[in-house]
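Visitor: After the structure tokens below, expect a handful of questions from me.
The values are calculated or read from the model by the stated rules, or taken from the named source; none is laboratory data. In this text the structure is predicted, and so the values were computed from the model without any measurement. Ideal geometry is used to build each Cβ from the backbone, glycine not excepted, and the neighbour counts take in all protein chains shown.
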């Protein structure tokens, strides 16, 4: 029996399942990690891109997209612990662009058909995605607010670091638009964390990327996590793909020397980071250890527990079924499973996914971290479901 009580036979079963996705051409390659009680298993499969023979490796770099959000949440709580901000304080003094909000009478309506906001937006609203603004789950430019967001280059879809303007201009543009919902009314994905990134930088009085590096990445030894990939590391950076809806073929979304090969004007706290499985394991283990890794104390135990505590109601998640199913709730920057309705739907398991093809969750009761990193948007053929089923079936105690 090994220290982590992981079955070698069942790990081999998981490897066969993951290998089949590469063999069938569903993904060019992927990396998986399971870590439990100090025992870590990492496997790499396939290649960095369809048109290369360079193999995936343990240190391959991936665009982790929305797995950036838990890191931004930790950064916010660092500032809260230092009494530089309070969760239920209005953001107006740091983000005056969001003061005195107007709210659309109907999310699908004309931009001038508005009512006053019932209350200011708070820091907690950003962390819980209840600020009242974000993605509308409708085809692009269906409604006037979507058309306005497109015109102002306020992202409504996958990360595109080459597009958004610098933070001050981005905030100015956002401030010209009404909210979709009253603050606190509806869970609305994504935009809140881009706002949160600007807030962190202003409160910390330094660029977001520098704060994350100094307060999280360096103390945890996350040497490959950043908003861009330097030239010396591009050979380790996987090509990113999306799937053509008509043909099912993989289409290049971003090459290694593409959008992430230079620092962005707007570092996105909602989805801009690049990382590796080992870097993210360090972050996960810090959370499993209640805020500490080795000698580095990043957060207090109470702040880590708060991150995992449900912050939203069922009514607030209406229309968010694409992101939060009936067995999951949202805490501060991450989701947590609340009921068991599948092998891997284990109550207490917390984490989040990245829409460009990555997934991370940690299970405190099992002392377990699992990480899946692919380079294909949206987990084609349910590869993420098979990964998490394989993780839990490998436990041997």
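Visitor: Do the conditions hold for residue 329, that is, is it in contact with a strand residue (DSSP E or B) (Cβ under 9 Å, 6 or more places away or on another chain), under 24 Å from residue 39 (Cβ atoms) and in the same structural domain as residue 63 (by TED's automatic domain parsing)?
Guide: Answer is no for this residue.
Visitor: Sort out for me the helices (runs of 4 or more DSSP H) sitting completely within segment 156-256 that have 3 or more residues that are in contact (Cβ under 8 Å) with a residue 60 or more places away in the chain and over 30 Å from residue 100 (Cβ atoms).
Guide: none
Visitor: Tell me the residue from 328, 349, 297 that is more than 29 Å from residue 135 (Cα to Cα) and without any contact (Cβ under 8 Å) to a residue 24 or more places away in the chain, please.
Guide: When all the criteria are applied, what remains is 297.
Visitor: Is segment 102-113 home to any residue that is in contact with a helix residue (DSSP H, G or I) (Cβ under 8 Å, 6 or more places away or on another chain), within 26 Å of residue 259 (Cα to Cα) and either crowded, with 16+ Cβ neighbours inside 10 Å or at pLDDT 95 or above (or both)?
Guide: So far as segment 102-113 goes, no, none of its residues is in contact with a helix residue (DSSP H, G or I) (Cβ under 8 Å, 6 or more places away or on another chain), within 26 Å of residue 259 (Cα to Cα) and either crowded, with 16+ Cβ neighbours inside 10 Å or at pLDDT 95 or above (or both).
Visitor: Of the residues 338, 317, 358, 313, only one is touching a strand residue (DSSP E or B) at 6+ places or on another chain (Cβ under 6 Å), outside the structural domain of residue 156 (by TED's automatic domain parsing) and more than 30 Å from residue 29 (Cα to Cα); which?
Guide: Going through 338, 317, 358, 313 in turn, just one is touching a strand residue (DSSP E or B) at 6+ places or on another chain (Cβ under 6 Å), outside the structural domain of residue 156 (by TED's automatic domain parsing) and more than 30 Å from residue 29 (Cα to Cα): 338.
Visitor: Please find, within segment 152-187, the residue that is farthest from the chain's Cα centre (by Cα) out of those that are at pLDDT below 95 and under 21 Å from residue 121 (Cα atoms).
Guide: 154
Visitor: Which members of segment 1-21 meet the condition of being assigned to a helix (DSSP H, G or I) and without any contact (Cβ under 8 Å) to a residue 60 or more places away in the chain?
Guide: Within segment 1-21, 8, 9, 12, 15, 16, 19, 20 qualify.
Visitor: Need the failing condition index for residue 332 against (1) under 28 Å from residue 122 (Cβ atoms); (2) assigned to a strand (DSSP E or B), just the number.
Guide: (2)
Visitor: Restricting attention to segment 259-284, and to residues there that are free of Cβ contacts under 8 Å to residues at least 60 places away in the same chain and assigned to a loop (DSSP other than H, G, I, E, B), which single residue is nearest to the chain's Cα centre (by Cα)?
Guide: 263
Visitor: Taking segment 96-131, which residues are free of Cβ contacts under 8 Å to residues at least 60 places away in the same chain and under 21 Å from residue 189 (Cβ atoms)?
Guide: Within segment 96-131, 106, 108, 109 meet the criteria.
Visitor: Looking at 212, 196, which is the one that is surrounded by 22 or more Cβ atoms within 10 Å (Cβ to Cβ) and within 30 Å of residue 109 (Cβ to Cβ)?
Guide: Among 212, 196, only 196 is surrounded by 22 or more Cβ atoms within 10 Å (Cβ to Cβ) and within 30 Å of residue 109 (Cβ to Cβ).
Visitor: Of all the residues that make up segment 51-100, how many are in a loop (DSSP other than H, G, I, E, B) and either modelled with pLDDT under 95 or surrounded by 24 or more Cβ atoms within 10 Å (Cβ to Cβ) (or both)?
Guide: Residues meeting the conditions: 6.
Visitor: Now, a different point. Restricting to segment 383-397, what's the tally of residues that are surrounded by fewer than 18 Cβ atoms within 10 Å (Cβ to Cβ) and modelled with pLDDT of 95 or more?
Guide: Here the count works out to 4.
Visitor: If you take the residues in segment 353-371 that are touching a helix residue (DSSP H, G or I) at 6+ places or on another chain (Cβ under 6 Å) and part of a strand (DSSP E or B), which one is surrounded by the most Cβ atoms within 10 Å (Cβ to Cβ)?
Guide: If we take residues in segment 353-371 being touching a helix residue (DSSP H, G or I) at 6+ places or on another chain (Cβ under 6 Å) and part of a strand (DSSP E or B), then 371 is surrounded by the most Cβ atoms within 10 Å (Cβ to Cβ).
Visitor: Quick check: is even one residue across segment 296-317 modelled with pLDDT of 95 or more and closer than 21 Å to residue 39 by Cα?
Guide: Scanning segment 296-317, I find at least one residue that is modelled with pLDDT of 95 or more and closer than 21 Å to residue 39 by Cα, so the answer is yes.
Visitor: Looking for whichever is more than 14 Å from residue 107 (Cα to Cα), in contact with a strand residue (DSSP E or B) (Cβ under 8 Å, 6 or more places away or on another chain) and in the same structural domain as residue 95 (by TED's automatic domain parsing) here; the options are 167, 158, 219. Which one fits?
Guide: After ruling out the rest, the residue left standing is 158.
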